[in-house]
Amino acid sequence: MTPLPARAAIRRVRALWLVCLAVLSSASRAAAQTAAPQPENSLQIFLMTMGPGAEVWERFGHNAIWVRDSAAGRDLVYNYGTFDFRDPNLVPHFAMGRPIYWLGVGDLEGTLREYAARERSVEVQELNLSPRERAEIALRLAQNATPEQRNYRYDYYRDNCSTRVRDLLDGILGGALRRATEGQPAEGTLRWHTHRSLTNDKLLYVGILAALGPAVDQPLDQWGEMFLPRKLQERVRELSVVGPDGRTVPLVKREARLVDIDRYRVEPEPPNWGPLFSLVAIAVTLLLLSGLIAGPLGVPGQIAGALWLLTVGIGGLVLLFLWIVSNHTAAARNHNLLLLSPVALLVIPGVLSARRRGPGAWAPRAAWFVIGSVIIGSLLAALPSIGGQWNLQIAQLTALPSLAAAWLSIRLSPRRDPAPPSPR
C-alpha cells in the first residue's frame, strides 16, 4: 500500500499538474478558436527534467520527452532510460559494459505519480518549435519506440537517456544545439560530475572513483556535459532558434514545475575527502604495523594485513577485468592498478607465515614489487598533469596501508637457512 504521506503528495502533485497543464495549453486552445485545426497544430512538445533520487542510477537525474496531442486527447512520455531489474542478463551485461536499455512509453499522470512517490522533482519546458518540427519529433519517437528499434546499448556518459534526447532535439533543430555548445568550455570533467553526484554513499563513491581511468579526466565542453539531464535543461533554456516567421525566438516557450518535491540533492562540486581518507589510511597503517609485535599481540595486525592485501588484490583483478575484458571504456588504462595491484595476493602468505609453513622466496619478492608499484602510482597521483589521471584520493586512502602490509610480509617471511657446506 502507498504510505499516507506519499498519497497526500500524489494528490498535491495531481492538482498541481492539472493547473500547470491548463496554463501551458491555454495558448494552443486560443489559437484553435481562431484557426482551422491542423493535425500538427494539436501537438505540444515538452522536455521533462527529473531531479536526483536515492539510488545510484537515480543520482544523475533523468529526462524524457512529453508529447501532448490535444486532438487525440493523449499525453505520452517517451523515456530512453528504461531497463528491467527482472532481466537475468541485466547484471552480467552491465558488468561487461554492454547493458541494453530501451525507449519506453508511458502516460503523463503515471509518470508524475511515480516520481512523486520517489520524492523526485519534475520540471517541464515547452519547446518553441514549428508545427512541422513538432510533428517530426512525435513521428520519430513513435517509430523509435517500436520493438524493432527501441533497444540500444547504454553508455553512462556517451549514450544515455540525456544524450539520446539531446541528439534528437539537435537533429530536429538542424544542428543548432551542437553549434551553440560544442567547443564551449564546461564546468569540470566527467569524473568531477560523477564525484559530486555520489556523495550520499561513501563506499560507492570510493569504488567508482577507483574504477574510473584517465578517459574521464579530459576537459568537457558544453555538448559533452549534456550527459547530465540538468545541463541539457540549462542549455535548452539558453538556446534561441529562428521561428517560422524568420524572427529569432527562445527555444523554451514556457516552463513549469509539475512535481515540487526535492528530497534528494546533488552537491554543486565534489567534496574534499582527501584529509579524511588520509586519517583512515594512518589508522589502518598503525593497525597493520602492530603485526610486527611478537606473540599474540601481533596476531590482529597480521590478520588485518592479510585482509588488506586480499582486498587490494581482488580490487586489482576487478580493475584489470574492467579494462581488458569489459567494454567499460571509462575504466581503461587505469593508473589505480599501480595502487591496487593483483600481485598483492601473492604477498598474503608472507603475512601469515608466522602461523603456517613458510611461503618460500616469492612472497617477499612480490612484496617488494608492490612497494615499488605503490610508490610509482603515488607519484603519478600527486602529479596528475604528468599522469593524466586524477586519482590522488585513492592514493591517500591506499598507499600507506599497502606499503605497511608489504613491509609486514617482508619482515614476517621466514628466511631460508643457508645451505650446509658440501662434504669434502
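The values are calculated or read from the model by the stated rules, or taken from the named source; none is laboratory data. Note that the coordinates shown come from a computational prediction; the quantities given were computed from them, not determined experimentally. Reconstructed Cβ throughout: ideal geometry from the backbone, glycine too, with neighbour counts over all protein chains shown. The area values use the complete protein model at the heavy-atom level, side chains included, leaving out ligands, DNA and RNA. Shrake-Rupley method; radii C 1.70, N 1.55, O 1.52, S 1.80 Å.
The table below gives the values:
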read-out	value
Residue among 140, 134, 196 that is under 24 Å from the mean Cα position of the chain (by Cα) and of a type outside the set (Gly, Ala, Ser)	196
Top-ranked residue in the range 99-128 [being among the hydrophobic types (A, V, I, L, M, F, W, C), open to solvent by 10 Å² or more (accessible area, probe 1.4 Å) and touching a strand residue (DSSP E or B) at 6+ places or on another chain (Cβ under 8 Å); ranked as farthest from residue 247 (Cα to Cα)]	100
Selected residue (criterion: farthest from residue 103 (Cα to Cα)) from residues of the range 147-183 that are among the basic types (Lys, Arg) and not in a helix (DSSP H, G or I)	158
First in the range 34-60 and more than 18 Å from residue 236 (Cβ to Cβ) and of a type in the set (Lys, Arg), second anywhere and at pLDDT 95 or above and part of a loop (DSSP other than H, G, I, E, B), Cβ under 6 Å, 6 or more apart	59/52
Residues located in the range 130-146, provided they are in a loop (DSSP other than H, G, I, E, B), modelled with pLDDT under 95 and either open to solvent by 30 Å² or more (accessible area, probe 1.4 Å) or of a type in the set (A, V, I, L, M) (or both)	none
Verdict on residue 313 being at pLDDT below 95 and more than 22 Å from residue 156 (Cβ to Cβ)	no
Qualifying residue in the range 113-133 (condition: basic (Lys, Arg), closer than 20 Å to residue 166 by Cα and in contact (Cβ under 8 Å) with a residue 12 or more places away in the chain)	yes
